[in-house]
1. Say the cut-off is 25 Å between C-alpha atoms; which of 111/275; 65/162; 65/306; 175/221; 34/103 go over it?
2. Can you list the residues, at least 5 places off or on another chain, whose amide H is less than 5 Å from the amide H of residue 178, using H built in the peptide plane?
3. Taking the chain as a Gaussian network, Cα atoms linked when under 10 Å apart, which of 55, 309, 389 shows the biggest mean-square fluctuation?
4. Largest first and in whole Å, give the semi-axes of region 77-219's equivalent ellipsoid, each being the square root of 5 times a Cα gyration tensor eigenvalue.
5. With viscosity set to 1.306 mPa s at 10 °C, what whole-number translational diffusion coefficient in µm²/s follows for region 348-427 from Stokes-Einstein and a Kirkwood radius over Cα pairs?
6. Counting heavy atoms of the protein chains only and a 1.4 Å probe, report the per residue accessible area for the chain as a whole number of Å².
7. Under the rule of -39500 (n - 2.57) per DSSP H run of 4 or more residues, summed and divided by the residues of the chain, what mean residue ellipticity at 222 nm is obtained, to the nearest 500 deg cm²/dmol?
8. Applying 1/(1 + (r/R0)^6) with R0 = 35 Å to the Cβ-Cβ distance of residue 92 and residue 49, what FRET efficiency is obtained, to the nearest 0.05?
Amino acid sequence: MSHFSIKNGALCAEDHPLTHIATEFGTPTYVYSKAAISRNYLSYANACLENGRTSQTALVCYSVKSNSNLAVLHLLSQLGSGFDIVSSGELLRVIAAGGDPKKVIFSGVGKTGDEMRLALSHGIACFNVESISELHRLSEVASEMNATASISLRVNPNVDAKTHPYISTGLKENKFGVAIEDALDIYRIAANLPGISIVGIDCHIGSQLLDDAPLLESLDKLIELIDVLAVEGIVIHHLDIGGGIGIDYEAEVPVTVSDYLNRLFRKIDAWRAEKYQGAPIKVLFEPGRSIVGNAGVLLTRVEYLKPGSEKNFAIVDAAMNDLMRPAMYQAWHGVEPVVLRDGEETIWDIVGPVCESGDWLARARALCIEEGDLLAIRSAGAYGMTMSSNYNTRGRAAEVMVDGNESHLVRQRETPEQLFALEKILP
Ligand SMILES: Cc1ncc(COP(=O)(O)O)c(C=O)c1O
């Protein structure tokens with residue numbers, strides 16, 4: 001769904017699939033491509049296979065936070081994916097979508113006792129522990145339940161991911177993980193805590209990485225630590241390198257998944273051959289954006305054109321509450337009319353109806369548009385719907401998944417009544 005190479009007249013407005021979707025389901029609507037999501041997932045799974053891995057020695061744990069619609073989770077679980085979650089809500093989504101809790105890993109700096117209990121009761125694969133306090137809490141909770149929590153320590157390798165500061169997570173100044181210098185001591189503590197079984201090590205250094213060098217540098221640091229732990233008798237069974245591979249929003253050229261995985265597995269294989277007589281270590285990935293980001297668009301309609309002396313505004317029916325990324329990260333999203341018009345282009349800021357000057361979706365775009373036209377905001381499949389809100393009592397957008405020639409509504413548009421159904425006035 002991310003290519004719109006329609007030339008004037010090649011398709012008329014009524015013929016375009018997005019026009020049909022807008023007519024049937026209204027706007028704003030997120031539209032996802034089943035084929036694109038599958039293709040992107042398979043780029044990971046196939047690279048694992050090509051590097052001699054099986055489902056026992058490599059697992060893609062899709063990062064649920066990037067797009068948690070049940071239809072997306074169901075599709076990925078059918079393809080064999082595991083899941084990386086950051087809340088009990090995400091765990092329940094995975095289960096509701098038919099995902100296997102035994103392929104779930106639980107990341108996040110603030111897991112509550114209740115969330116730990118729920119995850120333990122479903123037998124998830126691993127908790128990615130992010131602090132010593134969390135480790136103690138997990139030990140207590142698991143012991144109370146007579147359960148054992150499999151853990152990996154999220155290590156902060158202090159590597160610069162060279163991405164937007166808000167989506168960089170692997171530096172000392174970030175709140176995530178434990179400092180790599182402290183990891184050995186924390187593993188020693190974990191090894192002696194009741195209810196805790198050490199199974200892995202993990203890191204996630206940031207998102208929208210275009211180059212894999214920082215990821216491979218992190219891998220080197222994890223390898224060094226695994227060797228030190230082995231000397232202490234602490235055996236690490238899996239190595240989780242996190243997510244982070246970027247996508248093309250504007251004209252970026254991210255490393256391909258296969259090039260990255262080939263380089264990563266080559267390093268791992270050489271290390272295992274040298275130090276462990278070739279004994280394999282299971283490798284986990286936590287990709288989100290690279291699987292769904294370019295598999296979705298946000299479909300919106302131009303409500304009003306408001307030319308001005310300083311700027312021209314195209315006011316559309318989608319807003320910052322639907323797609324937060326521009327307001328939050330100054331993120332750039334491509335904007336394309338669903339049907340191109342003949343005529344002169346004008347420079348427009350694409351803005352929503354929300355009462356904030358920060359409510360913009362794109363700035364200074366040369367477009368030939370009229371009121372009523374449909375626009376596709378591109379690359380909106382990741383961190384789009386999942387970051388949306390009800391600000392201004394705006395119902396969340398509908399979501400549609402395209403499967404071949406068919407379009408399926410996979411989430412209804414919220415009604416205003418649903419938004420205040422849980423509220424009460426004083427007696
Ligand atoms: C712990 C963790 N794993 C995986 C991801 C997914 O990252 P990405 O969407 O860049 O692949 C994130 C995203 O922030 C994360 O925080």
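1. The answer is 111/275; 65/306.
2. 154, 155, 156
3. 309
4. After scaling each eigenvalue by five and taking roots: 25, 20, 12 Å.
5. Details: Rh = 15.6 Å.
In µm²/s, the coefficient is 102.
6. 44 Å²
7. Values: 12 runs with 130 residues, N = 427.
Mean residue ellipticity, 222 nm, calculated: -9000 deg cm²/dmol.
8. 0.70
The values are calculated or read from the model by the stated rules, or taken from the named source; none is laboratory data. Please read these numbers as outputs of a predicted model, since none were measured by experiment. Note that we place each Cβ from the backbone using ideal geometry, even for glycine, and neighbour counts take in every protein chain shown. These area figures cover heavy atoms from the full protein model, side chains too; ligands, DNA and RNA do not enter into them. Shrake-Rupley method; radii C 1.70, N 1.55, O 1.52, S 1.80 Å.
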